[in-house]
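Asks: Dropping the structure in here first, questions after.
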Amino acid sequence: MPSPSIPAGPSAPSEQAAPAGQSAPSGPSAPAGSPASAPVLVTGATGRQGGAVARALLAAGVPVRALVRDPHAPRAREVEALGAELVTGDLTLRATLDPACHGVRAVFSVQMPPMSEEGVDFAGELVQATNLIEAARAAGVPHFVQSSTSGVGRHTETPGWAEGRWAALEGYFATKQTILERVRGAGFDRWTVVKPAFFMDNLPQLAPHGPAGGLATVLLPDTTVALVATEDIGAAAAHAVLEPDRFHRVELELAGDRLTMTQVAEVLSAAWGVPVEAPVMSLDEALAAGMPSWGAGHLWSNAVTQPAHPGLARELGIPVTSFAAWADTHLTPA
């Protein structure tokens, strides 16, 4: 099976560069008396998740320190232009993280495993997370916010897991689970976990030949998928940072919508202005039709629906985005 890194969305494709020039959204505001000199360290700030978090925090009046490997890179400059402080560091190099963590009020942590022709380096992902956890603890950071994936910790309940049907996904989920266990056991005064569902941003990539070319996917028409807008990840993280006591030990299964693929196709049809149908395809047929290789991991989604649900965020006072609303904003007629 091709790369199993995308059963749930927040992995390789979701960490593409954040849209250039995107302004910070409105959101929660920093409470009166918050120390202006206490920033939040945001990793992945040049990607979609970290970028959304940086924008949400800045909109709330919270200073952001963005961890970047090359402060002169265009993506880093875009983050700096939004008002973030850039700090040079590398998650694979533990010593570079000490100055980045010094004096921050919280850390937003997200990792992307190194990928090569040989496959996905999940051990490398674990090293990145461990380095950041250790550096944050050494610096006395009071609050650690970890991004994970919806369903981590419950993945072994998937039908066929015990029989080895999903062996290709074991590395993915085991790594995420180990990272969460290390966050929980690290001894932070406060910790929060955000578990995003499948990224809405990735759905258009399942139409590799454009809207008129239709969807190429192994997701079945009646498969229900939990969906999240990256902006909502930023909102969730900002709420956690602004209310660390209330969000201590919260592990939020984050989604803005839950739709069948038939319903997804209906939303895409309305947004693109062309008929879109939810196909029935085998893995070989979907790949031949142009489905990205990471889409093979969606076979898992046909067996189990991720537990992320819009109501869970709303119960915590976090607004979420429906797929129709996201499509109206981000998609244009074909």
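Asks: Not counting ligands, DNA or RNA, and with a 1.4 Å probe, what is THR230's accessible surface area in Å² rounded to the nearest 10?
Replies: So the heavy atoms of THR230 present about 10 Å² to solvent.
Asks: Quick one: in the range 231-290, what % of C-alpha pairs are over 14 Å apart?
Replies: Percent of Cα pairs beyond 14 Å in the range 231-290: 71.
Asks: When DSSP beta bridges are limited to those with both residues in the chain, what percentage is antiparallel, rounded to the nearest 5?
Replies: Counting only bridges with both partners in the chain, antiparallel ones make up about 25 percent.
Asks: May I ask you to list the residues of the range 269-310 whose amide nitrogen lies under 13 Å from a point 7 Å from Cα along the Cα→beta-carbon direction of HIS209?
Replies: Those under the cut-off are 286-291.
Asks: Let me ask you something else. Could you tell me the convex hull volume per residue, in Å³, taken over the Cα atoms of the range 34-115?
Replies: Measuring per residue, one finds 86 Å³ for the Cα hull of the range 34-115.
Asks: Next question. Starting at the first residue of the range 95-109, write each ³J(HN,Hα) from the Karplus equation 6.51 cos²θ - 1.76 cosθ + 1.60 with θ = phi - 60°, in whole Hz, x for Gly and Pro.
Replies: Ordered by residue, 3J(HN,Hα) equals 5, 6, 8, 4, x, 5, 7, 5, x, 8, 7, 6, 10, 9, 10 Hz.
Asks: Additional query: What number does the range 122-277 give for Rg over Rh if you use C-alpha atoms and the Kirkwood radius?
Replies: Rounded to two decimals, Rg over Rh is 1.04.
Asks: On to the next question. Along Cα→Cβ, 7 Å out, is where each label goes; now give me the distance between the ones at ASP328 and GLU157 in nm to one decimal.
Replies: In this crude label model, ASP328 to GLU157 measures out at 3.4 nm.
Asks: Could I ask something else about it? Can you give the accessible area of PHE247 in Å² (nearest 10), computed on protein heavy atoms with a 1.4 Å probe?
Replies: Accessible area of PHE247: about 0 Å².
Asks: Okay, moving on. Taking the solvent-accessible surface of protein heavy atoms with a 1.4 Å probe, what is the per residue accessible area of the range 127-266 in Å²?
Replies: Heavy-atom accessible area per residue stands at 33 Å².
Asks: Could you identify which residue out of GLU266, GLU117, GLU181 has the top mean-square fluctuation in a GNM of the chain using Cα springs shorter than 10 Å?
Replies: Sorting by GNM fluctuation, first place goes to GLU117.
Asks: At 4 °C and a viscosity of 1.567 mPa s, what translational diffusion coefficient does Stokes-Einstein give for the range 83-165, taking Rh as the Kirkwood radius over Cα pairs? Give it in µm²/s as a whole number.
Replies: After rounding, the answer is 87 µm²/s.
Asks: Taking the Cα of SER282, stepping 7 Å toward and past its beta carbon, and measuring to each backbone N in the range 191-222: which are under 18 Å?
Replies: Zone members listed by number: 216-221.
Asks: What angle do you read, to the nearest 10 degrees and between 0 and 90, between the alpha-carbon axis of helix 261-272 and the longest principal axis of the chain?
Replies: The answer is roughly 80 degrees.
Asks: Continuing with this model, one more query. For the range 209-219, in order, what is each residue's ³J(HN,Hα) by Karplus, 6.51 cos²θ - 1.76 cosθ + 1.60 with θ = phi - 60°, in whole Hz (x at glycine and Pro)?
Replies: With the stated coefficients, the range 209-219 comes to 10, x, x, 5, x, x, 8, 10, 7, 8, 5 Hz.
Asks: Mind pulling the angle between the C-alpha long axis of helix 170-185 and the longest principal axis of the chain? Nearest 10 degrees, somewhere in 0 to 90.
Replies: 30
Asks: Additional query: At 7 Å along Cα-to-Cβ for each site, give me the label-to-label distance between SER116 and LEU316 in nm.
Replies: 3.7
Asks: I want the local charge near PRO221. Using Cβ-Cβ distances under 12 Å, sum +1 for each Lys or Arg and -1 for each Asp or Glu among the other residues.
Replies: The answer is -3.
Asks: Separate question: So how exposed is ILE318, as accessible area in Å² (1.4 Å probe, rounded to 10)?
Replies: Probe radius 1.4 Å; accessible area of ILE318 about 0 Å².
Asks: Let me ask another. How many percent of the alpha carbon pairs in the range 206-334 exceed a separation of 17 Å?
Replies: 62
The values are calculated or read from the model by the stated rules, or taken from the named source; none is laboratory data. Since the model is a prediction, treat every value here as computed from it, not as a measurement. Because the Cβ atoms are built from the backbone with ideal geometry, glycine has one as well, and the counts that use them run over all protein chains shown. What goes into the accessible areas is simple: the full protein's heavy atoms, side chains included, and nothing from ligands, DNA or RNA. Shrake-Rupley method; radii C 1.70, N 1.55, O 1.52, S 1.80 Å.
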